[in-house]
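Novice: Take this structure, written in structure tokens, and hold onto it; I'll ask about it next.
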Amino acid sequence: MFRNLKKKFNEIIEKISNSGRIREKDITYTIREIRKSFLESDVAITVIKKFITKIKKKSIGKKINKSFTPGQELIHIIQKEMIKEFGEKPSLINLSTKSTAIILIVGLQGMGKTTSTVKIANFIKRKYKKKVCTFSLDTIRPAAIEQLKILSKSSNIDFIQIKNKKNYIKMLENGLEISKKKIYDCVIIDTSGRLHVNKNMMNELKNIQKFSNPIETLLVCDAMLGQDSIKIIESFKKYVNITGIILTKTDSDSRCGIALSARHITKKPIKFLCNGEKIENIKIFEPKKIVNKIIGMENVTSLIDKIKTNIKKEKYILNKNKKIKNNTFNLNNFLNQIDQLNKIGGIEKIINKIPSQYINKNKNLKNVNNSLIKQFKVIIQSMTKEERKNPKIIKSSRKKRIAMGSGSSVQQINILLQKFNHVKKIFKKIKKSGTNNFFKNFFNKQFF
């Protein structure tokens, strides 16, 4: 998903990331390329115009944050505005009702409504531990009801078999009555695929929503739809109150402009992404992760999440509350930093998660490897407590002894001490200017 858009944004970022200041030609270039990439991704024209206007307004005359270069500031503006367009926070499925939570699934035929119905049922059952059932009002497509029955049973989801298949209101009434008798927490209703220009079918859907009074009405959209999706979405919005959107076929090579268009037109959140045929292939739509993926920062974000999960706050390398005086930072502290690098997969894993456009501009990062880090750890562990506390006492004779004990050379010990002094200087800078410029300094120097 978003592969084409991601490729285009990487090209834009490559061009402006090291800009010394936000120049008018940089803004013009960026806006032109964003417009072009959105058009190629089938984003609605109205969405593109609104987005471009915001970027212009936020960029021109922008005061630069001291933590960023001007080029990075422009990227940051684009990132923030894209997150706003997608909807800043994930929108969870609404189940907050004292009675049975009714969820209505609507959309055109062939969008994946029936499969999505079971996927959501399975998701709710698994995540929220709810008693869930499904039933179908689709009397148009041959074997639609049987398909939902088979999929539901194979996923251990209860299915309500309705006998009356002529009157959709009678079917709906029958299904809801059975679900209440069996005291289900949630019932998910699959509906017939409707042509959005067919007024009779759309009025029928309007009646279904009015009679069932669902807590959620989810519109299923095929991510492969282009500009035609706009008319479809607008038509469904006219007849029914849509509370959220499900995007299907997001694992395809589709351009996925509908994701931005659907959100803008309906003013409703994208709730789920379906990315495969298996029932488990459904996930909550997370705007920040999607935007980070588009601009090539998803790996960095996941790395940060992993650091937060695996390392306690008081042990963060860059913890603002941790005050290490320059004269007390020693090899014990340095060893602790190495241990924390290993906890998150080692330095190579971190480097691999940095976007390629930054790696290409920092050739020193390409030479980093875990073996050198491991060797440093062995060397430090071969030192005495006094040597770790006060590295200045490590002279020629001590270096020879440490080299023999660690299976290394005096030259490697010299490299270790050199790198240690680099890190010590960084902590001194952090103490003076804070953590904002840490990574900027890190990437501009060869520490490992």
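The values are calculated or read from the model by the stated rules, or taken from the named source; none is laboratory data. The model shown is predicted, which means the values in this text are computed figures rather than measured ones. All Cβ positions, glycine included, derive from the backbone under ideal geometry; neighbour counts span all protein chains shown.
Novice: Kindly provide the set of residues from the stretch 224-249 that are in a loop (DSSP other than H, G, I, E, B) and modelled with pLDDT under 80, ordered by number. I'd like the intermediate steps shown before the answer.
Specialist: Residues of the stretch 224-249 that are in a loop (DSSP other than H, G, I, E, B), as a first pass: 224-227, 240-243, 249.
MET224, LEU225, GLY226, GLN227 - these are the residues of the stretch 224-249 that are in a loop (DSSP other than H, G, I, E, B) and modelled with pLDDT under 80.
Novice: Only one of SER96, SER91 is over 24 Å from HIS196 (Cβ atoms), outside any helix (DSSP H, G or I), under 29 Å from the mean Cα position of the chain (by Cα) and hydroxyl-bearing (Ser, Thr, Tyr); which?
Specialist: Criteria check complete, one pass: SER96.
Novice: Limited to the stretch 255-283, what total is found for residues that are in a loop (DSSP other than H, G, I, E, B), under 18 Å from the mean Cα position of the chain (by Cα) and within 16 Å of ILE233 (Cβ to Cβ)?
Specialist: Here the count works out to 3.
Novice: Are any residues in the stretch 123-149 of a type in the set (D, E, K, R) and not in a loop (DSSP other than H, G, I, E, B), and if so, which ones? Steps first, please.
Specialist: Taking the stretch 123-149 as the starting set, the residues that turn out to be of a type in the set (D, E, K, R) are 125-127, 129-131, 138, 141, 146, 149.
Answer for the stretch 123-149, where residues must be of a type in the set (D, E, K, R) and not in a loop (DSSP other than H, G, I, E, B): LYS125, ARG126, LYS127, GLU146, LYS149.
Novice: Considering each of ILE189, ILE157, ILE183 in turn, give the residue that is farther than 22 Å from LEU92 by Cα and over 27 Å from the mean Cα position of the chain (by Cα). Can you show your working first?
Specialist: Numbers: ILE189 fails: farther than 22 Å from LEU92 by Cα; ILE157 fails: farther than 22 Å from LEU92 by Cα.
Unique residue meeting the criteria: ILE183.
Novice: For the stretch 374-388, which residues satisfy the criterion of being out of contact with any Gly (no Cβ under 6 Å at 6 or more places or on another chain) and either within 14 Å of LEU417 (Cβ to Cβ) or crowded, with 17+ Cβ neighbours inside 10 Å (or both)?
Specialist: Result: GLN375, PHE376, LYS377, ILE379, ILE380, MET383, GLU387, ARG388.
Novice: Okay, next question. Go through (1) part of a loop (DSSP other than H, G, I, E, B); (2) out of contact with any Lys or Arg (no Cβ under 7 Å at 6 or more places or on another chain) one by one and return the number of the condition TYR184 breaks.
Specialist: Going through (1) part of a loop (DSSP other than H, G, I, E, B); (2) out of contact with any Lys or Arg (no Cβ under 7 Å at 6 or more places or on another chain) one by one, TYR184 breaks only (2).
Novice: For residues that are charged (D, E, K, R) and free of Cβ contacts under 8 Å to residues at least 60 places away in the same chain, scanning just the stretch 162-188, find the one that is nearest to ASN213 (Cα to Cα).
Specialist: Filtering the stretch 162-188 for residues that are charged (D, E, K, R) and free of Cβ contacts under 8 Å to residues at least 60 places away in the same chain, the one nearest to ASN213 (Cα to Cα) comes out as GLU173.
Novice: Can you tell me which residue among ASN156, ASN122, ASN94 is closer than 19 Å to LYS268 by Cα and modelled with pLDDT of 85 or more?
Specialist: Details: ASN156 fails: closer than 19 Å to LYS268 by Cα; ASN122 fails: closer than 19 Å to LYS268 by Cα.
Just one listed residue meets the conditions, ASN94.
Novice: Tally time: how many residues in the stretch 150-179 are part of a helix (DSSP H, G or I) and surrounded by 18 or more Cβ atoms within 10 Å (Cβ to Cβ)?
Specialist: Qualifying residue count, the stretch 150-179: 8.
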